[in-house]
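Note sheet for the following structure.
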Amino acid sequence: MKKGEARLRVFPGPAEVARAAAAELLRRGRHAVRQRGAFDVALSGGSTPVALYEALASGSAARSGLWRHVHVFWGDERVVPPEDPASNYGTAWKAGLRRLRLSADHVHRVRGETADARQAAVLYENELRSRFAGAVWPRFDLVLLGLGADGHTASLFPGSDALEEKERWTAAAEEGDPPRPRVTLTLPVLNSAAAVLFLVAGSAKAEALAALLSPDPQDAVPARRVRPPRGEVMVFADRAAAARLPDGP
Ligand code: 6PG
């Protein structure tokens, strides 16, 4: 993904990245609700967005009437019960989502407690298809994504079958360090989004971020393949993650 195709904003540190991401999510949420009475967002897993979920729950916006019009999904999930510390849903819920005035039936988590990842992926696809009934591909107003040091995003890892899935909306994967069963949105779903926001923080991500934004081909970086033809890509990074960019942080 050439830098010109992504809007990069660099912030001093992870706290500023989180605050800016919260403001961006709220801005887009209010706009979507004004336009069509709803806001469909897919949240990211991992640790980077925890500060974002805390920020959303800490301000007055937590009590906003906006939330009852918001449908929350996840870009990926580990196949574990929600109370497991590895659960992306559980992490986001505890970090702040539980304090937002979301409607219970608008929280669309992956049933990580399902024994089999493939079955969990099928159940999640059914949930998506009931929300986006009749759509060829679901169009999220906003998809939040992280970036792994290896260039993965969601649970789309280099060389994985899930990364090459062209038909289904979800896929099961056995990936990560250590490898674990996961469910992920597929690339066509990510590329149907109206907007994608990568949150990238820390020096460990500097090489992956440079690869993500490099004008040169970097085929082995799954996150570069997130290029919604009818959507925009934003990257919010902190200075440490931006350290390897040509024009620096
Ligand atoms: C997951 C995430 C994954 C994550 C990146 C970055 O379930 O692991 O969805 O894609 O976003 O690995 O993770 P950190 O934010 O913890 O660095």
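The values are calculated or read from the model by the stated rules, or taken from the named source; none is laboratory data. In this text, all values refer to a predicted model and were calculated from it rather than measured experimentally. Positions of Cβ are backbone-derived with ideal geometry, glycine not excepted, and every protein chain shown enters the neighbour counts. Note: accessible area is taken over every heavy atom of the protein model, side chains too, but ligands, DNA and RNA are not part of it. Shrake-Rupley method; radii C 1.70, N 1.55, O 1.52, S 1.80 Å.
Given a cut-off of under 8 Å on Cα pairs at least six residues apart, what relative contact order in percent is computed for the range 6-244?
It comes to 24 percent, rounded to a whole number.
How much length, in nm to one decimal, is gained on full extension between residue 123 and residue 47, taken as 0.36 nm per residue of separation minus their Cα-Cα distance?
24.8 nm is the gain from fully extending residue 123 to residue 47.
Compute the label zone of residue 23 within the range 57-82: residues whose backbone N is under 17 Å from the point 7 Å along Cα-to-Cβ.
57-62
On a full-extension model of 0.36 nm per residue, what is the gain between residue 98 and residue 7, subtracting their alpha-carbon distance, rounded to one decimal in nm?
Here the segment from residue 98 to residue 7 would lengthen by 29.7 nm.
Extending each Cα 7 Å along its Cβ direction at residue 15 and residue 54, get the distance between those two points in nm, one decimal.
0.9
Under a point-charge model restricted to the Cβ atoms of Lys and Arg (+1) and Asp and Glu (-1), what is the dipole moment magnitude of the range 120-172 relative to its Cα centre, in debye to the nearest 20?
Computed about the Cα centre, the dipole is about 220 debye.
Dipole magnitude of the chain about its Cα centre, charges +1 at Lys/Arg Cβ and -1 at Asp/Glu Cβ only, in debye to the nearest 20?
Roughly 1180 debye for the chain.
Extent of the range 80-161 along each principal axis, from alpha carbon coordinates, in Å, largest to smallest?
38, 34, 29
Using Cα springs under 10 Å in a Gaussian network model of the chain, which residue among 132, 198, 236 shows the largest mean-square fluctuation?
Of 132, 198, 236, the Gaussian network model singles out 132 as fluctuating most.
Show me the GluC sites (Glu not before Pro) within the range 115-177 that DSSP assigns to loop and that have at most 14 other Cβ atoms within 10 Å of their Cβ.
Hits after loop and neighbour filter: 167.
Where only protein heavy atoms count, and the probe is 1.4 Å, what is the accessible area per residue for the range 134-249 in Å²?
Averaged over the residues of the range 134-249, the accessible area is 40 Å².
Label the chain by shape, choosing from rounded, prolate and oblate, from the square roots a ≥ b ≥ c of the eigenvalues of the Cα gyration tensor; if a/c is under 1.5 it is rounded, and otherwise prolate applies when a/b is larger than b/c, oblate when it is not. Display every interim value, and only then the final one.
Details: a/c = 1.39, a/b = 1.12, b/c = 1.25.
Here the chain falls in the rounded category.
Note the full-extension length gain between residue 68 and residue 105 as 0.36 nm times their separation in residues minus their Cα-Cα distance, in nm to one decimal.
Contour length minus the Cα-Cα distance gives 12.3 nm.
What percentage of the solvent-accessible surface of the chain, computed with a 1.4 Å probe over protein heavy atoms, is contributed by carbon and sulfur atoms?
Numbers: 5370 of 10720 Å².
It is 50 percent, rounded to a whole number.
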